[in-house]
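Presented below is the structure to which this report refers.
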Amino acid sequence: MKILMPILFASLSFSVVAAEPNNPLSVHILNQQTGLPSKGVAVELDKQEGHRWQRLAEAVTDEGGRISSLYPAGKDMDVGVYKVTFKTGDYFTGIGQQTFFPEVPVIFKVETKNQKLHIPLLLSQYGYSTYRGS
């Protein structure tokens, strides 16, 4: 038991450090057909600059279908228009299913600097829904 405690403590300490509680943007994907989180989905974050999009970050959903800190660490999330793109085609190919949507772009507006935002995606092969979460 004495040997397991430092290992457990080290694991918990790593999780706390990795969580980055001040990050303003998180996402979550749930597969509506299975009721399970969609792990391994690539997600891109862009900010609109004039008539083009500037890439800010890329990440992959974890075992729980989440990315808890999508915005670049140590940077302020300024007011503006942003786009989160869920690479759903690659995800469905990876689980051996077809899909109508190769990707799901969600465009949203940040009205307050460093505003805390959560973007959940409820996903199926031929449909999806999203909303502003908390």
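The values are calculated or read from the model by the stated rules, or taken from the named source; none is laboratory data. What you are looking at is a predicted structure, and each value in this text was computed from that prediction instead of being measured. Counting neighbours? That spans all protein chains shown, and the Cβs are built from the backbone with ideal geometry, glycine included.
Across the stretch 67-82, what is the total count of residues that are in a strand (DSSP E or B) and in contact with an Asp or Glu (Cβ under 8 Å, 6 or more places away or on another chain)? Steps first, please.
Restricting attention to the stretch 67-82, the residues satisfying the condition of being in a strand (DSSP E or B) are 67, 80-82.
From what is left, the residues that are in contact with an Asp or Glu (Cβ under 8 Å, 6 or more places away or on another chain) are 82.
Here the count works out to 1.
In the stretch 49-66, which residue that is part of a loop (DSSP other than H, G, I, E, B) and of a type in the set (Asp, Glu) is farthest from residue 82 (Cα to Cα)?
Of the residues in the stretch 49-66, the ones part of a loop (DSSP other than H, G, I, E, B) are 50-51, 61-65.
Then drop every residue that is not of a type in the set (Asp, Glu), which leaves 62-63.
On the way: 62: 22, 63: 25 Å.
By that ranking, first place goes to 63.
Is it true that some residue in the stretch 60-80 is closer than 23 Å to residue 126 by Cβ, hydroxyl-bearing (Ser, Thr, Tyr) and in contact (Cβ under 8 Å) with a residue 12 or more places away in the chain?
Kept after step one, since they are closer than 23 Å to residue 126 by Cβ, are these residues of the stretch 60-80: 61, 65.
Among the residues that remain, those that are also hydroxyl-bearing (Ser, Thr, Tyr) are: 61.
If we keep only those that are in contact (Cβ under 8 Å) with a residue 12 or more places away in the chain too, we end up with 61.
Yes - at least one qualifying residue is present in the stretch 60-80.
Which of the residues spanning the stretch 70-95 are touching a Pro at 6+ places or on another chain (Cβ under 8 Å), hydroxyl-bearing (Ser, Thr, Tyr) and closer than 16 Å to residue 30 by Cα?
Within the stretch 70-95, 85, 88 meet the criteria.
Name the pairs: first residue in the stretch 19-32 and within 24 Å of residue 92 (Cβ to Cβ) and of a type in the set (Gly, Ala, Ser), second residue at pLDDT 95 or above and not in a strand (DSSP E or B), Cβ to Cβ under 6 Å, at least 6 apart or on different chains?
Hits for this filter: 26/68.
Of (1) under 11 Å from the mean Cα position of the chain (by Cα); (2) surrounded by fewer than 17 Cβ atoms within 10 Å (Cβ to Cβ); (3) of a type in the set (S, T, N, Q), residue 33 satisfies all except one. Which?
Failed condition: (1).
Among the residues of the stretch 72-85, is there at least one that is of a type in the set (Lys, Arg), more than 17 Å from residue 36 (Cα to Cα), surrounded by 13 or more Cβ atoms within 10 Å (Cβ to Cβ) and under 15 Å from the mean Cα position of the chain (by Cα)? Before the answer, list the steps.
Step one: list which residues in the stretch 72-85 are of a type in the set (Lys, Arg), which gives 75, 83.
The next check asks that each one be more than 17 Å from residue 36 (Cα to Cα); those that pass are 75, 83.
Of the ones still in play, those that are also surrounded by 13 or more Cβ atoms within 10 Å (Cβ to Cβ) are 83.
Now restrict to residues that are under 15 Å from the mean Cα position of the chain (by Cα): 83.
Taking every residue of the stretch 72-85 in turn, at least one turns out to be of a type in the set (Lys, Arg), more than 17 Å from residue 36 (Cα to Cα), surrounded by 13 or more Cβ atoms within 10 Å (Cβ to Cβ) and under 15 Å from the mean Cα position of the chain (by Cα).
Can you confirm whether the stretch 10-24 contains a residue that is of a type outside the set (Lys, Arg), modelled with pLDDT of 95 or more, out of contact with any Cys (no Cβ under 7 Å at 6 or more places or on another chain) and surrounded by 11 or more Cβ atoms within 10 Å (Cβ to Cβ)?
Scanning the stretch 10-24 turns up at least one residue that is of a type outside the set (Lys, Arg), modelled with pLDDT of 95 or more, out of contact with any Cys (no Cβ under 7 Å at 6 or more places or on another chain) and surrounded by 11 or more Cβ atoms within 10 Å (Cβ to Cβ).
Which of the strands (runs of 3 or more DSSP E) found entirely inside the stretch 83-134 contain at least 1 residues meeting this: of a type in the set (Lys, Arg) and either in contact with a strand residue (DSSP E or B) (Cβ under 8 Å, 6 or more places away or on another chain) or at pLDDT below 95 (or both)?
Values: elements: 104-110, 117-124, 127-130.
Per the criteria, 104-110.
Of everything in the stretch 33-50, what is modelled with pLDDT of 95 or more, at negative phi and not aliphatic (A, V, I, L, M)? Give them in sequence order.
37, 38, 39, 44, 46, 47, 48, 49
Given the conditions (1) more than 26 Å from residue 129 (Cβ to Cβ); (2) at pLDDT 95 or above, which single one is not true for residue 62?
Status for residue 62: all satisfied but (1).
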